[in-house]
Amino acid sequence: MTCLSAKPSLIRPTERPPSKRPSWALCHLKACSTSWEFDYNAALALRAEELGFDLVFGLSEWVRAGGYGGKIRFREDSIDPFMTVTALAVLTKRLLLLSTIHILYGPWHPMHLARFAATADHISKGRFGINVVTGFSPAEPLMFGMRRQEHDLRYEMADEFMSIAKRLWQSEHNFTYEGQFWRLEDAFVRPKPRYGRPILVSATGSPAGFSYAARHSDLAFITSPAGANVERAVEALPAHTAKLKAEALSLGRNIRTIINPMIVCRETEAEARAYYDEIIRVADTEAAAGYANHFKSGDSKAWNNHVPLERILGGNVHLIGSPEQVADWFIALNKAGCDGMQISFYDFAKISNFSAKLCYRCCSKPGSGDKSPDMHSQAHPCFLLEKTWRLEGLPPGKAPIRALHVGDPSSGDAEKVWFEGPRFWLERDPVGEDAVVQM
């Protein structure tokens, strides 16, 4: 789940339910409960919603027989994220549901995406989003009888693709278009998405990817340019995130960034380090080599400074320690320009215990806001991790502003603290109860 908030506020953890086994780590501790099956993912999403998390994200990979290799046949089994998050829409009520889609593979056409996404948007009552990816692996497009296009050309294709899709979501008339890569004649999609268009997301670390994200994305998954070591990441991220946000701002847009920490958390740092060491000790080295080769063969620019050893645990940055230490790193990453945390665990089933302990530490830290774990009606302290702003003159006893709202601002929210984008509402620096921010 992803929480975005106006700086300098804190961020609430995000959840990333896996559809693989064994979790995101390249090892096989028998105690791990993680499964790729839908029932596991559904139960995890429902529990995350209860805990106050904001967003579920579905990864997509096209993997050959044997996965990335090793005894665990890493990520050989995988259910499709588009179908999965659409199914989760029926079970959940509040979570934003993001699906990764490789828009350049196979016969995808902007008409397909515009219609399918509008349908998923209505099924979810406006909670559907798309993580648009172009595919960095040379092996994946071969499954579709295609060759991988050159890196920057793929972003040019994605730019045209998504420009067409957005026009189809907006237009009330037939749309004819003759482009460099796609052609439409008298095209039309209805019903339209409930709030203009779905949330649009991309993952990037290259100049071409930044340029695409600045034009199209509401959220951007970013990667530490300094590898998974969190100390180095915190030093490198401010300039990295600032560049992306400045490029979006030059186009009159605001973009929010999300990073993916892999968390190993225990009561003490010594216990967390011991557990981490055990994960590394039982790593499937053949699978680790296969996964490292997968990244090496691709042309992604985001992972250049990440080493194979870091891929064993997984995630983008590693947070290993006590709840207090993990909370400190969350705050540091937020100050470094990361608006949201998309958190991963070796074993996702233990999130409930983690959330209660970590969030209490975050909320009780100096500067994290005047609040206590029972302040919200949602009851669970995880709901409070962001530093909450209060509108000037907010009536006593009213709940603080939430960092991310999904839904219709006309639905009767008591404080009317919605700040409007094309399809969702993000907290901004408070400037008044009726402030509207167009994205």
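The values are calculated or read from the model by the stated rules, or taken from the named source; none is laboratory data. The structure displayed is predicted, hence computed values, not measured ones. Here the Cβ positions follow ideal geometry from the backbone for every residue, glycine too, while neighbour counts run over all protein chains shown. Quick note on the areas: whole protein, heavy atoms, side chains included, nothing else; ligands and nucleic acids left out. Shrake-Rupley method; radii C 1.70, N 1.55, O 1.52, S 1.80 Å.
For segment 249-297, the solvent-accessible area of protein heavy atoms averages 48 Å² per residue (probe radius 1.4 Å; ligands and nucleic acids excluded).
All C-alpha to C-alpha distances of segment 25-182, sorted into 5 Å bins beginning at zero, yield P(r) values of 1, 8, 15, 17, 17, 16, 13, 8, 3, 1, 0, 0 percent in whole numbers. Summed over the residues of segment 52-202 and divided among them, the accessible surface reaches 43 Å² per residue at a probe radius of 1.4 Å. Could you please state how large a percent of the accessible area of segment 131-179 is carbon and sulfur, counting protein chains only and using a 1.4 Å probe? Of the solvent-accessible surface of segment 131-179, carbon and sulfur hold 47 percent. Distances between every pair of Cα atoms in segment 100-201, grouped in 5 Å steps from 0 to the bin holding the largest one, split as 2, 13, 24, 22, 19, 12, 7, 1 percent. When the solvent-accessible area of segment 30-87 is split by element, carbon and sulfur atoms take up 56 percent of it, the probe being 1.4 Å.
Rolling a 1.4 angstrom probe over segment 187-227 with all protein chains present gives an accessible area of which 57% lies on carbon and sulfur atoms. In terms of packing, defined here as the mean over residues of other Cβ atoms within 10 angstrom, the peptides 42-50, 330-338 line up highest first as 330-338, 42-50.
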